[in-house]
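Scroll down for the structure; my scribbles are underneath it.
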There are 2 protein chains.
Amino acid sequence: MATASSSSSASGSRNQSSYQKVLQTNTINPHVLNVEYAVRGALSNKADEFADILAHGKAKEQGLPFDSIISANIGNPQQQPFLAQKPLTFWRQVAALTELPSLMQDEVVRSHFPRDAVERAQQILDDVGSVGAYSHSKGAAIVRKHIKEYIEERDGGHHSDAEHIYLTAGASGGVGQVMSVLISGPKDGVMIPIPQYPLYSATLSLYDATPVPYHLDAEKDWAVDVEGMARAVDEARSNGTDVRSCVIINPGNPTGSTLTLENIQGIIRLAHEKRLVLLADEVYQANIFQPKERPFHSFKKVLKDFSKSSDPAERAIADDVELVSFHSISKGVSGECGRRGGYFELCNIDPDVEAQIYKMASVNLCASLQGQVGVDLLVKPPKEGDESYPLYRDEVQAIYDTLKSRSEKMRDAFANLPGVSCGEAQGALYLFPEVSDLPQKALKDAEKKGQKIDLWYCFQLLEATGICCVPGSGFGKQPNDKTGSFWFRTTILAKETDEFVERFGRFHRELLDKWA
Amino acid sequence: MATASSSSSASGSRNQSSYQKVLQTNTINPHVLNVEYAVRGALSNKADEFADILAHGKAKEQGLPFDSIISANIGNPQQQPFLAQKPLTFWRQVAALTELPSLMQDEVVRSHFPRDAVERAQQILDDVGSVGAYSHSKGAAIVRKHIKEYIEERDGGHHSDAEHIYLTAGASGGVGQVMSVLISGPKDGVMIPIPQYPLYSATLSLYDATPVPYHLDAEKDWAVDVEGMARAVDEARSNGTDVRSCVIINPGNPTGSTLTLENIQGIIRLAHEKRLVLLADEVYQANIFQPKERPFHSFKKVLKDFSKSSDPAERAIADDVELVSFHSISKGVSGECGRRGGYFELCNIDPDVEAQIYKMASVNLCASLQGQVGVDLLVKPPKEGDESYPLYRDEVQAIYDTLKSRSEKMRDAFANLPGVSCGEAQGALYLFPEVSDLPQKALKDAEKKGQKIDLWYCFQLLEATGICCVPGSGFGKQPNDKTGSFWFRTTILAKETDEFVERFGRFHRELLDKWA
């Protein structure tokens, strides 16, 4: 057998000993090897390399044809210097006061803070004591109470219970916690949309469950094809997979589309018929760009609205279908990714199962307190009449307007490029354009390099422009074998939208010329 | 089959439908059912109930014979109102400034902050941009650089590399990440000390690996019995378990003891001989109460010191043995549990395996930024000459002195109780006394109630005094079958140590009388 690696990048393992390392790729958890996560992968590492070259002023020396990296691969709104969305002032005022309560004792300093920020900080501290202490494993009581109130208001008064709400490290942390309980073995199937945010496929790989793909229809604004979903369940079950759950991302990631009420009702009816636990990833619920045509409908509300049906069979759905809804502070207009805050709400879950989820939350101790503070601010923003309200309203509106106008401007630019099509910007922080009709020479070059055409295209884009996107195959949406068309995802967060559009357009046209 | 549960504590599932819930205790991940975590279990829930009664002023009505709960079950130093260790001022100043950088722009406000706090906040912000942005998946570069410098200074100059350092959500988050890569299947064995912090047994249960216990010797200050450890490896391997790793907690949790240099050397030699990856939980490295007699030796330093041996076989150990060291901001004198900050350092790990660990860190996006800020402050405190230094030094000294004197006072009090023995308070935040010679009637009452004697004792303690401790069996240290003696863990964090000692002593004596 080979001795331990001698790479100098190893954590100090440069010895020439005959000792055989215990941990090698053929001895560790094989499911880890299967995990793929394209949002931070080879492309993103290459972008980091370029950023490093730029930072050291060596762009010319190294022949880089751009002077900045545009990280359009990850929804990280406050990333500097290229995205740089400003934090909401009220959020950070409350956070600072909870960190250093003595600021509230000093009259001069306190006068720099609006009254409602001081009150909110005090209210949180009255409950948690200190942001340096563990909270209750489910999360601080005051935060869960505010979430409950938020959900009830959002969902037209349908009851929510703070005891069924769990604070998490972003939505990702919650998904991992729930999946770890939900999956009992490799025969268990979880339905994931194609295209999908790769957290889901990665988590299923890690827990060695069977992903059961269902397809979103590009021709219909990426709607869920419920009949296709039903066929996918039946087929997987006939192959011995115990399909038990279904992930829905709404608004969509990477698609940026928002599901219609009818589509959601269809999914819920199917979940009831097929006995599927619904996992609703609703982290983009505040990123809605066509509020009239495509408003956000929470799964919880649509589920509980079945209780109003005149048909008893339909009414039963409201209390039958098991639902976990995820939300996060990382997206929306707050974009506070770094705090790692989020929550999930359990609905119609067996209490004995819930006790197990609670136990696992206890082992994890608690979510970060500043993440919890963020969730409190997300679900209970300043309201009209509060001292902070005018500034808060203006900041939120400005961020929203910026996201919406960027989204539309980028969408229009994509749609005007030869061979590129792109659906309307409905929601979330992404666009997912389709590229068709690349010249044959381009396809051959990709083949020669052993790269899928979408990955090849994204590498060409990065190397020519400094723009980092993610190929569709990273979301499970493979290039079309027959036509050669493919997809990629871009965030709509680039501060310099015009610059993005200009760089991208020039790149795409030149690429068509170069490989013609 | 039974219908879904009708408990009113379920998340809304009170319907009378014949629908069979997908998730039931017999369908979910069976390994989750096996997870035990006594630090937050039945006792702690009972303590919460009592706290609720007290908070509503109903102590008399409900017949509670105490007026406050003393949460001695969990190392949560800043928990209010009963522990209430104050945060370090410098930490919170830097944290507040990173949250609200505009505080630094206002001259009047800035004058309230020491220069070095402003500088540190600015240094961190220069690197991360915003504490609301995701950092690099391993953690912010500036923080990893400071950790590297801290480790090198602590370990007598042995090289550390920031690329092998990963920021985590407390040490717990890191343990989970590493275990998920390390464990390939149910035949894999991981050695855990008995007694142990139950995070380890819980994680092994969840990942369905085989715990291989090794025993700490109560008669020898809870030292590791290296020969016994060797026998445990051999025996487990002869039974088909692939023993591949060993967890060591130093200073010990729950034991509060600190390992000697010779003991650590012996463990490392054994790890080399038996091919074991060492997982060194060193979160209490700053909680050392006998710095001369029992100083802290890091596993990394002791491992790398083998390179100085004149014996080539011993020298090889330094680069052969795979080591992961964990540290945290939750303990020490900072006690900042709520931030969820920590890190691990990889040493001698195969680079391809490390790439997998890095990938999994990417899926988790990053550790909370305020946790990372905490780690920065932990590893790079103010130094002599800095404006903050005098206050920082005084605060640290006061907390340290308080912990040490509480620890000694409590230890002496335990040692003076009839039938109770307790080792010296060497380190960590705990004492782990042994109780012997309870009256037969007490043992019988426990048996009648179906409780282990240590759990019975802790319930009696809680119900009589409001003090919440954790029975030894929660740490895998079972009561002695023959003698009936048993252990329990208490933190040394109770603000009112005299009150604790008084309540406890009275309880224990009365218990002996009552059941005599």
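The values are calculated or read from the model by the stated rules, or taken from the named source; none is laboratory data. Fair warning: this is a prediction, and the values are worked out from it, not measured in the lab. FYI the Cβ positions are ideal-geometry reconstructions off the backbone, even for glycines, and counts take in every protein chain you see.
Kindly check whether there is at least one residue in region B:463-471 that is without any contact (Cβ under 8 Å) to a residue 12 or more places away in the chain and either of a type outside the set (D, E) or not assigned by TED's automatic domain parsing to the domain that holds B:G423 (or both). Within region B:463-471, none of the residues are without any contact (Cβ under 8 Å) to a residue 12 or more places away in the chain and either of a type outside the set (D, E) or not assigned by TED's automatic domain parsing to the domain that holds B:G423 (or both).
Per the listing A:E235, A:E293, A:E282, A:E219, the residue uniquely surrounded by fewer than 19 Cβ atoms within 10 Å (Cβ to Cβ) and either of a type in the set (A, V, I, L, M, F, W, C) or at pLDDT 95 or above (or both) is A:E235. Pull up region B:169-183, narrow it to residues that are of a type in the set (G, A, S) and in contact with a strand residue (DSSP E or B) (Cβ under 8 Å, 6 or more places away or on another chain), then point me to the one that is surrounded by the most Cβ atoms within 10 Å (Cβ to Cβ). It comes out as B:G170.
A single entry from A:L88, A:L64, A:L54 fulfils the requirement of being surrounded by 22 or more Cβ atoms within 10 Å (Cβ to Cβ) and either more than 9 Å from chain B (Cβ to nearest Cβ) or among the hydrophobic types (A, V, I, L, M, F, W, C) (or both): A:L88. Of the residues making up region A:338-360, not one is of a type in the set (K, R), assigned to a loop (DSSP other than H, G, I, E, B) and farther than 19 Å from A:H327 by Cα. If I filter region B:117-139 for residues that are within 20 Å of A:N76 (Cα to Cα) and of a type in the set (K, R), do I get at least one hit? Yes; the residues of region B:117-139 include at least one that is within 20 Å of A:N76 (Cα to Cα) and of a type in the set (K, R). If you check B:Q122, B:Q80, B:Q105, B:Q93 for being within 10 Å of chain A (Cβ to nearest Cβ) and surrounded by fewer than 17 Cβ atoms within 10 Å (Cβ to Cβ), only one passes: B:Q80. In region B:184-213, which residue that is surrounded by fewer than 23 Cβ atoms within 10 Å (Cβ to Cβ) and of a type in the set (V, I, T) is farthest from B:K477 (Cα to Cα)? Among residues in region B:184-213 that are surrounded by fewer than 23 Cβ atoms within 10 Å (Cβ to Cβ) and of a type in the set (V, I, T), the one farthest from B:K477 (Cα to Cα) is B:T210.
For region B:264-271, the count of residues that are polar (S, T, N, Q), more than 11 Å from chain A (Cβ to nearest Cβ), surrounded by fewer than 24 Cβ atoms within 10 Å (Cβ to Cβ) and not in a helix (DSSP H, G or I) is zero. Within 24 Å of A:S245 (Cβ to Cβ) and surrounded by fewer than 24 Cβ atoms within 10 Å (Cβ to Cβ): is that true of A:A367 in this structure? Answer is no for this residue.
Looking across region B:472-497, the residues that are surrounded by fewer than 24 Cβ atoms within 10 Å (Cβ to Cβ) and either touching a Cys at 6+ places or on another chain (Cβ under 8 Å) or in contact (Cβ under 8 Å) with a residue 40 or more places away in the chain (or both) come down to B:S473, B:G476, B:T483, B:G484, B:S485, B:A494, B:K495, B:E496, B:T497. For region B:291-335, a residue qualifies if it is outside any loop (DSSP other than H, G, I, E, B), more than 10 Å from every other protein chain (Cβ to nearest Cβ) and over 18 Å from B:T258 (Cβ atoms), and the qualifying residues are B:F306, B:K308, B:E314. Determine, yes or no, whether B:K331 is buried (at least 23 other Cβ atoms within 10 Å of the Cβ) and either of a type in the set (F, W, Y) or under 22 Å from B:I74 (Cβ atoms) (or both). Against the criterion (buried (at least 23 other Cβ atoms within 10 Å of the Cβ) and either of a type in the set (F, W, Y) or under 22 Å from B:I74 (Cβ atoms) (or both)), B:K331 qualifies. Checking region A:138-159 against the condition returns no match, with no residue being facing another protein chain (nearest Cβ under 10 Å) and among the hydroxyl-bearing types (S, T, Y). When the residues of region A:55-111 are filtered to those that are in contact (Cβ under 8 Å) with a residue 40 or more places away in the chain, among the aliphatic types (A, V, I, L, M) and part of a helix (DSSP H, G or I), the one that is farthest from A:F488 (Cα to Cα) is A:V94.
For region B:350-379, filtering for residues that are at the interface with chain A (Cβ under 7 Å from one of its Cβ atoms) and among the small types (G, A, S) leaves 3. Cβ-Cβ distances below 8 Å connect the following pairs, each with a first residue in region A:30-45 that is within 9 Å of chain B (Cβ to nearest Cβ), a second residue that is surrounded by fewer than 21 Cβ atoms within 10 Å (Cβ to Cβ) and of a type in the set (D, E), and a separation of six or more residues or different chains: A:H31/A:D208.
At least 3 residues being touching a Phe, Trp or Tyr at 6+ places or on another chain (Cβ under 9 Å), closer than 25 Å to A:P193 by Cβ and modelled with pLDDT of 90 or more is the threshold, and among the helices (runs of 4 or more DSSP H) wholly inside region A:429-516 those reaching it are A:453-465. Scanning region A:313-332 for residues that are among the acidic types (D, E) and either under 24 Å from the mean Cα position of the chain (by Cα) or not assigned by TED's automatic domain parsing to the domain that holds A:H272 (or both) gives a single hit, A:E322. As an exercise: evaluate B:S44 against (1) under 20 Å from the mean Cα position of the chain (by Cα); (2) part of a loop (DSSP other than H, G, I, E, B) and give the number of the one condition it does not meet. Unmet for B:S44, out of (1) under 20 Å from the mean Cα position of the chain (by Cα); (2) part of a loop (DSSP other than H, G, I, E, B): (2).
Selection of region B:272-290 for residues being touching a residue at least 40 places away in the same chain (Cβ under 8 Å), part of a loop (DSSP other than H, G, I, E, B) and either within 14 Å of another protein chain (Cβ to nearest Cβ) or under 24 Å from B:G174 (Cβ atoms) (or both) yields B:L276, B:E282, B:V283, B:Y284, B:Q285, B:A286, B:N287.
Of A:A425, A:A464, all but one fail to be touching a helix residue (DSSP H, G or I) at 6+ places or on another chain (Cβ under 9 Å) and within 16 Å of A:L511 (Cβ to Cβ); the exception is A:A464. Considering the conditions (1) in contact with an Asp or Glu (Cβ under 7 Å, 6 or more places away or on another chain); (2) farther than 18 Å from A:V226 by Cβ; (3) not aromatic (F, W, Y), A:I249 is excluded by exactly one of them, (2).
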